[in-house]
1. Please determine, by comparing only the residues of region 426-440 that are more than 17 Å from Phe356 (Cα to Cα) and within 16 Å of the ligand (Cβ to nearest atom), which one is least open to solvent (accessible area, probe 1.4 Å).
2. Here are Val9, Val50: which of them is crowded, with 17+ Cβ neighbours inside 10 Å and assigned to a strand (DSSP E or B)?
3. Do you know which residues across region 485-498 are surrounded by 13 or more Cβ atoms within 10 Å (Cβ to Cβ) and either at pLDDT 90 or above or closer than 24 Å to Cys424 by Cβ (or both)?
4. Scan region 250-268 residue by residue and report those that are open to solvent by less than 10 Å² (accessible area, probe 1.4 Å) and part of a loop (DSSP other than H, G, I, E, B).
5. Only one of these is in a loop (DSSP other than H, G, I, E, B), open to solvent by 10 Å² or more (accessible area, probe 1.4 Å), within 14 Å of the ligand (Cβ to nearest atom) and over 28 Å from Thr377 (Cβ atoms): Ser141, Ser163. Name it.
6. Pairs, please: C-beta under 6 Å, at least 6 apart or cross-chain, first residue outside the structural domain of Ala326 (by TED's automatic domain parsing) and in region 344-360, second open to solvent by 70 Å² or more (accessible area, probe 1.4 Å) and part of a helix (DSSP H, G or I)?
7. Which one of Thr452, Thr409, Thr415 is within 24 Å of the chain's Cα centre (by Cα), open to solvent by 30 Å² or more (accessible area, probe 1.4 Å), within 16 Å of the ligand (Cβ to nearest atom) and not hydrophobic (A, V, I, L, M, F, W, C)?
8. Give the number of residues within region 83-101 that are closer than 23 Å to Ile143 by Cα and of a type in the set (Ser, Thr, Tyr).
Amino acid sequence: MTPSNTLLVNPTVTSRASARFPLSLLHLSAALDRNGSSRIVDGNVDRDVVDATLRALGEERFDAVGISVMGGPQMAPSIAVSKAIREYRPDLPIVWGGYFPTLYTDTALSAPYVDYAIRGQGEESLPELLAALGRGERDLSRIGGLSWKDDGVVVHNPNRRFSLDDSGIVLPYDKLGDPRSYLARTFLGRRTAAHQAAIGCRFRCTFCGVAAMFGGATALPATARLERDLGYLKHQLGADSIQFFDHNFFDREADMVPLLEIMAKLELPWWCYARSDALLNLSESTWKLVRKSRLRMAYIGAESPSGAMLKEIRKGTRPDQTLEVAELCRRHGVIPELSFMVAPPVNTEEETLHTFEFIRELKKINPQSEIIVYIYTPLPEGSKHEKERGKRASMPLLDLNGDPVVFPTSPEEWTERRWVDYACHADAPWLSDDLRRHIQDFVTVLRCRFPTVQDLRSPPWAKRGLSAMAAWRYRRRRYDRPWELNLANRLVRLRMPQVSGL
Ligand code: B12
């Protein structure tokens, strides 16, 4: 049997300037190359992803194509590239992996251009699938994490336990052409690299795709691995700062200290996802290490000022901890980037207005706090991790007319504007036009009044000007219809970290 050759595709999801290492494909490629070979097409760099994919197919013999798909703006290019592959090489198996097929497996497999969906991590399932296909096997029921069509009937094999195996080598960055072109100028440094050290998250927040993917489990890297990987990024590629894509960076203090010691040694300014409770639990000596390691910003899911809502979504933190962590971060020179989910399906307006007041309080405690406002768009029941499904009766989601919200059943439907917005936490069927506008207006005033430090594009004078213009509205809570700010914003175009990342 000849070793299989796989084409891996990352459909376009962001601008060229915001492109970061496609870590999913690099991890998969490393796994595939142990017994075969693979090539990567990154649609964030090769802007015409369909053309780049067809060109690759014309240049080499491939046995399958793996496509990484996340809900939201990546849906349309994922469909386009899958259809084009099917038309060009109808015999070639097409495998979807990533968050979309993990959370919406049946929807993905309902498409004629998706043959296999791999749920969760793909490092073991994908090579096993390719080996089985290479051997011409028809029964694929032993491949963990795989969903497939057995004579047209969708079969979901059992989940696979996830793992953080270390192959002993760094990721195959060279497959990206010039990997240095992925290092970006951000507020952390001139050459920021994206990296994932630990995987998973031990929490089970009901709204989060990560909980749905990992079911409340996490695995930290060995110190030797972290040192090797970061050392490579720093010394071989020339990275001067790191954005960690870890689902949740800070875990138990005792386990974090050896990792922080490595980072303190490397002194690369960094950004990560964190939780208020974990940061509040760190001792003074660990905070000293954190400072030495040059943590610049921690993205913390504050979600809501309401203890009841935090309980409902199983966040596991309290609003007083959010306020406390803002103060703690101020003392240690770390910027907290606090994200909120407004407009929940119940008490929609009241919760939203309460959140605005809470944000003001946070800004008083720590004016440097960065604020991200999302619309609360919970996952449908069927997308939750199998351990969680049907466990707690969640309120049925109703639209503005009081009718049940019906989620899309095809990838095409997920490309409709309202569902792309839902996936991006930008709109929800229970949101009235008035409240939607009010939220937009509040966010406009807030981000003009306090422009993000992550914005390097707008000149300082423009940011100062916007902030001065917005000051009276913010002070007097006159958020409505900030036409002058909208106009000025069109000229300055402040960066939106929630859309493009750092
Ligand atoms: C980097 C990132 C982005 C980048 C680009 C991603 C890219 N594909 O190039 C940007 C900034 C553009 C982005 C945007 C969005 N993102 Co995003 N993003 C991430 C982040 C931080 C890291 C992804 C990553 O690289 N992980 C590391 C790799 C190794 O893991 P992985 O991607 O999961 O891949 C593994 C498996 O999924 C699987 N797999 C993946 N692809 C494939 C393909 C095949 C063939 C197979 C077999 C397996 C497989 O195997 C991989 C290896 O184990 C994650 C959170 C996280 N820490 O994962 C959120 C995350 C994926 N994003 C998410 C979301 C929702 C978005 C948005 C759609 C909305 C939003 N507001 O955030 C936006 C779109 C914004 C817009 N344009 O309007 C959610 C997805 C959850 C969900 N419900 O679908 C996540 C989980 C964040 C969260 N906690 O909510 N994102």
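1. Taking region 426-440 and keeping what is more than 17 Å from Phe356 (Cα to Cα), we get 427-430, 432-433.
Filter again for within 16 Å of the ligand (Cβ to nearest atom), leaving 427-428.
On the way: Asp427: 28, Ala428: 7 Å².
Going through the qualifying residues, I end up with Ala428.
2. Values: Val50 fails: assigned to a strand (DSSP E or B).
Step by step, each of Val9, Val50 is checked, and only Val9 is crowded, with 17+ Cβ neighbours inside 10 Å and assigned to a strand (DSSP E or B).
3. Step one: filter region 485-498 for residues surrounded by 13 or more Cβ atoms within 10 Å (Cβ to Cβ), giving 485-486, 488-489, 492, 494-498.
Residues satisfying the conditions are Leu485, Asn486, Asn489, Val492, Leu494, Arg495, Met496, Pro497, Gln498.
4. If the condition is that a residue be open to solvent by less than 10 Å² (accessible area, probe 1.4 Å) and part of a loop (DSSP other than H, G, I, E, B), then Phe250 is the only one that fits.
5. On the way: Ser141 fails: within 14 Å of the ligand (Cβ to nearest atom).
Only one candidate qualifies: Ser163.
6. Matching pairs, first to second residue: none at all.
7. Details: Thr452 fails: open to solvent by 30 Å² or more (accessible area, probe 1.4 Å); Thr409 fails: within 16 Å of the ligand (Cβ to nearest atom).
Answer to the selection: Thr415.
8. Kept after step one, since they are closer than 23 Å to Ile143 by Cα, are these residues of region 83-101: 91-101.
Subset that is of a type in the set (Ser, Thr, Tyr): 99.
Number satisfying all stated conditions: 1.
The values are calculated or read from the model by the stated rules, or taken from the named source; none is laboratory data. Note that the structure is predicted; figures quoted are calculated from it, not measured. Cβ coordinates were reconstructed from backbone atoms using ideal geometry, including for glycine residues, and neighbour counts include every protein chain displayed. Surface areas here come from the heavy atoms of the whole protein model, side chains and all, with no ligands, DNA or RNA. Shrake-Rupley method; radii C 1.70, N 1.55, O 1.52, S 1.80 Å.
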